[in-house]
Each structure stands twice: as C-alpha cells, then as structure tokens.
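Novice: Encoded as structure tokens, here's the structure I'll be asking about.
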Amino acid sequence: MRLSSRSALHAALAVVALLLATLVWTVVRAEPAPQPSETSQTDRADQAGQSTDSTETPADEPAFPRPQGQDLGAAEPGQQDQHSPGGAGPDAATPDADAADEDSNDDTRRPSGAEALLDNPLYGTEPLAPRPCPVPDLNVHDSTSMETFLNAVADCLDDAWSTQFARADLPFEPANRVFWSEPGTSPCRDYPSAAGAFYCRASSGIYIGTSDVVEKWLGETNGVVYASLLSHEYAHHVQSEAGLLEYYHDQRSEAPTTAERNEWTRRSELQADCLAGVFLGSIAVTYPLDEDDVQVLLEDARATADDTSAAGRGEQDELDEDERTHGTADNSEYWTHAGFTEQRPGACNTWTADEELVQ
Ligand SMILES: [Zn+2]
C-alpha cells in the first residue's frame, strides 16, 4: 500500500512541510481571508434574479447524504423565486477577486455537450500540484471555528482548482461560499434544510451549515469529514465550471425512468467523491492527513453512500431504486480512494466507467 509504506516519511515530511507551509502561507496570504461581506446578500440576490428565468431547472444538486441513514433528504425542488427579505443574513464570503482567471468571461473554451462529460480537457491534466494547506485547529462545537476552518480549506480549493483549470486552458471562477449559522435563502432552496450542505449552480455557491453539519455527522471531531464534505460540494462547482453539469442536467431530465435518472445522478455524485479525493490527496502532506485520517475519510465515504444494507434499511432487503442516488459504500470508497491516490482529474471519469462501478 502506497500510504502505509510512506507513512513514516509522511510523518517526518509533514512536520517540516507544516513549518514551511506556514511561513509561505503567511507571506503569500498576506491579505486576510475572505470575510463576511455586506455585499454578499446583494450578490446573491443578483444571481438569484438571473435564475428566475426558469426554463432552466434549478441547479440544485442532490444533497450529500447524512451518515447513519438519517433523514437528509434528496434534493427538493428549487425555490428560486423565494427570497425572504426578512431572512437573517447568513455568513457569506466571496473569493478573492484576484483569484479569478483573467479570461474568465471567455466561455468559448468551455466544452459542452457529451464532450464535456466524456472527454473533458481537465481529464488530461497532470496530478494536482502539492500545495501548502495547513488548516487551523477545529473546535466543532464553535461555529466560528468551523467557519474559519472551512474558509481555510476553501482557500486551498480555490487555489488548487484555479491552477488546474489554467493548466487545461479553461476559464474558472472560484465558488461562492455561504457558511451559514443563521437561516437564509439561496436560489435553490432555503436553509437550514434537510441538507446540511449543498451546491447551488444558479449562484455558483457552496452552502454549509456550520453547526448543522456537526449535528448531522453526530459530533464527529475529525475535521477531515468536513474538509471532505466541502471538497465534495466544491467538486460539483468544478463540474459546473468544466461544462459538465449543464449537459448532465439535460440528460438526466430527459431520462425516461427513475432508474436511468439515478444512474446519471450516481455517476455525477461518485465523480464528485473522486474529485474531492483528488484535492485531499494533493494536500495530504501539508494539511496534514495521517493514516488514521485517511481511514476516517474512507469510512466517511462509505457512511455517506447509499445505505444498501438490509440492516440499514430495516425490514427491506434492498434500497428502493428511486433512492439510489449516491452509489454503494464500496463504490463511494473506491472513487474517493482512486482520486486520493491518483490525484488527477482523469482518474475520475465515472461517465465511461463500467456499470458495476457506478451502482
Ligand atoms: Zn453531491
């Protein structure tokens, strides 16, 4: 096993890398991390306004499922026209403007149609470059601590994927962030919702409840599960920026049966698992993630998959077909691990994978 054979080296490297990374980080990131912005409400409202044209299905990704088979439901229909003026302002932040690609308005290079899915330029890129990503200590019972933690990981995600898209000569804008601790609304749905976290394509936004996720993850204290969750939602943004989601949504909506729609969904969700693994693998040394963390990551991949076990389903032997949207535990672990070890987007082409790998 690659990981175990290198674990001792990793441990030593991690200490050195952490010191170096902290130094580099301090210099490179002299400007403060994005802070809640007063303009964010307006920004989101503007984005919401665009989405009200609603021939386009609300870009509501199926929610990342909650562990332990509890009631984190499938995505609800979007509520893109509802913007509660009285809603308390959620904490929100916009990525640094300078992180945006200068050519980000040039959509002509963004692939579309089947090509975006099957032969995306991202698939041909090299493994993500290792980067310094030392995360702060996390106190899961402190919403502010969670927000700081998530922003640190999101900064790394912005850097990692901006670089990777530039390598593929594709335009890229970092995702918007809404790490909520108070109720609010998005173009896709209000929150808090059954989903503790979701991606909304209409606002290019990642929405995570800083306390809700801790509750849904049963008080898990290892930050890697929240870093993984954020990386998964960010992966949906990567799919969107890479031109994948548009074609995927069209195809899924045209699929004649629930079984076929769910297969589309599973390929998308498992690709997001894999892309999350790609990112986490690339920062494993500087985050740092040790072997135990990786074990927690893979167990979490299993726990957040479709619960197909008889035990998990009470008296039922099999999960209803219309509930199988995220893949089996084995497949979720498989794709997370594949991304983590290979660290290149091309390892995540679930769209051409054999059917048994996307069950
Ligand atoms: Zn997802």
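Each value in this text was obtained by applying a stated rule to the coordinates, not by laboratory testing. Given the structure is predicted, the values throughout are model-derived calculations rather than measurements. A quick note on method: Cβ atoms are made from the backbone with ideal geometry, for glycine too, and the neighbour counts reach across all protein chains shown.
Novice: Which pairs have Cβ atoms under 7 Å, sit 6 or more apart or on different chains, and link a residue in region 248-273 that is of a type in the set (Lys, Arg) to one that is within 13 Å of the ligand (Cβ to nearest atom) and not in a helix (DSSP H, G or I)?
Specialist: That search, which allows pairs on different chains as well, returns 266/325; 266/326; 266/327.
Matching residues to (1) buried (at least 24 other Cβ atoms within 10 Å of the Cβ); (2) within 16 Å of the ligand (Cβ to nearest atom); (3) in a strand (DSSP E or B):
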| position | (1), (2), (3) |
| --- | --- |
| 177 | yes, no, yes |
| 182 | no, no, no |
| 193 | no, yes, no |
| 199 | yes, yes, yes |
| 206 | yes, yes, yes |
| 214 | no, no, no |
| 220 | no, no, no |
| 227 | yes, yes, no |
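Novice: Restricting region 251-279 to residues that are more than 10 Å from the ligand (Cβ to nearest atom) and of a type in the set (D, E, K, R), which is surrounded by the most Cβ atoms within 10 Å (Cβ to Cβ)?
Specialist: Among them, the one singled out is 266.
Novice: Being part of a loop (DSSP other than H, G, I, E, B) and of a type in the set (Gly, Ala, Ser) is the filter; apply it to region 164-175 and report the residue that is farthest from residue 346 (Cα to Cα).
Specialist: Checked region 164-175; the qualifying residue farthest from residue 346 (Cα to Cα) is 175.
Novice: State which residue is nearest to the chain's Cα centre (by Cα) when the search covers only region 200-234 and only residues that are more than 17 Å from residue 283 (Cβ to Cβ) and among the hydrophobic types (A, V, I, L, M, F, W, C).
Specialist: The extreme case among them is 206.
Novice: Quick test of your reading of the structure: residue 292 fulfils all but one of (1) more than 15 Å from the ligand (Cβ to nearest atom); (2) crowded, with 21+ Cβ neighbours inside 10 Å; (3) part of a helix (DSSP H, G or I). Name the failing condition by number.
Specialist: Against the list (1) more than 15 Å from the ligand (Cβ to nearest atom); (2) crowded, with 21+ Cβ neighbours inside 10 Å; (3) part of a helix (DSSP H, G or I), residue 292 comes up short only on (2).
Novice: Would it be correct to say that residue 233 is assigned to a helix (DSSP H, G or I) and away from the ligand (no atom under 16 Å from the Cβ)?
Specialist: So residue 233 fails the test.
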